[in-house]
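Encoded as structure tokens, the structure appears first; notes follow it.
Values quoted throughout were computed directly from the atomic coordinates according to the rules given, and no laboratory measurement underlies them. Computed from a predicted model, the values in this text were never measured in an experiment. When we count neighbours, we look across all protein chains shown, and the Cβ atoms used for this are built from the backbone with ideal geometry, even at glycine.
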Amino acid sequence: MAPVENWLLCNRLRALIAQLDEGPDDDALAAAWTKAERDVARAGCDEDADIALPVWERDADALRQLIAQWDAGTGHLPEWDRAVLKRALKAYRKRLKLARLDDESSASRNPLSKGESSSITGVKPPEQYDREIWDMLIAQGKLRDAGYGLLELTTT
């Protein structure tokens, strides 16, 4: 089975803008734009004019505006990013569910009692996803940082 791609296009385009702001030599800038074009194609966004055109035309100002829209929540994230975030949140919920089931079926509980539900509210997120993905889910309000590397689902 092929490995699942767990990266966000919006963060790769942010890295391109940061590299442009540093002002390296022209060869490095050309390579960065070429890499961004490859990333847009790999993410399947080459048909989305709002995303592809600023990259193809190498228009840094238009790309900055697009990223500002994403940050402000007025523009939709690329379909690729939404799918990655959805998979990550699903993996987190599954891990939380398994931790709660394990806690509820613990040998320390009396099997003759009526039982009680688990008090686990947060778990460490799956490591197959980078921290940037969890940070994005926290920024969207879907998860909350509980400290000590644990994340909790929000109640909203």
Suppose each label sits 7 Å from its Cα in the direction of the beta carbon; what would the Ala15-Lys90 distance come out to in nanometres?
2.5 nm
Cβ-defined net charge surrounding Val123, 11 Å radius [Lys, Arg +1; Asp, Glu -1]:
+3
Under 10 Å, Cβ to Cβ, from Asp145 - net charge with Lys/Arg +1 and Asp/Glu -1
-1
For the chain, find the longest principal axis of its Cα atoms and tell me its angle to the long axis of helix 26-42, 0 to 90°, nearest 10.
50 degrees
If you filter region 56-105 for GluC sites (Glu not before Pro), then keep DSSP loop positions with at most 13 other Cβ within 10 Å, what is left?
Glu57
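By how many nm would the segment from His76 to Glu132 lengthen if fully extended, with 0.36 nm per residue of separation less the alpha-carbon distance? Don't skip to the answer; put the middle values down first.
Numbers: separation 56, 0.36 × 56 = 20.16 nm, distance 1.78 nm.
The span from His76 to Glu132 would gain 18.4 nm if fully extended.
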Rounded, prolate or oblate: which one fits region 9-72, using the alpha carbon gyration tensor with axes a ≥ b ≥ c (rounded when a/c is under 1.5, else prolate when a/b beats b/c, else oblate)?
oblate
Give me the dipole magnitude in Debye, nearest 20, for the chain about the Cα centre, with unit charges on the beta carbon: positive for Lys and Arg, negative for Asp and Glu.
1320 debye
Please give the net charge around Ala43, taking every other residue with its beta carbon less than 10 angstrom from that of Ala43, where Lys and Arg add +1 and Asp and Glu add -1.
-3
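Given the Cα-Cα distance of Asp46 and Gln65 and 0.36 nm per residue of separation, how much length would full extension add, in nm?
Roughly 5.0 nm would be gained on extension.
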Taking the Cα centre as origin and putting +1 on Lys and Arg beta-carbons and -1 on Asp and Glu beta-carbons, what dipole magnitude results for region 9-72, to the nearest 20 debye?
260 debye
Given Cα pairs under 8 Å that are at least 6 residues apart, what percent is the relative contact order of the chain?
21 percent
Kindly express, to the nearest 10 degrees and within the range 0 to 90, the angle between helix 9-22's C-alpha long axis and the longest C-alpha principal axis of the chain.
50 degrees
Of Ala31, Ala99, Val55, which is farthest on the positive side of the dipole of region 21-156, counting Cα position, with +1 on Lys and Arg Cβ, -1 on Asp and Glu Cβ, and the Cα centre as origin?
Ala99
Rank Ile120, Leu16, Gly147 by how far each Cα sits towards the positive end of the charge dipole of the chain (+1 on Lys, Arg Cβ; -1 on Asp, Glu Cβ) and give me just the farthest.
Ile120
List nothing, just return the count: lysine pairs in region 79-153, 8 or more apart or interchain, with Cα separation under 24 Å.
12
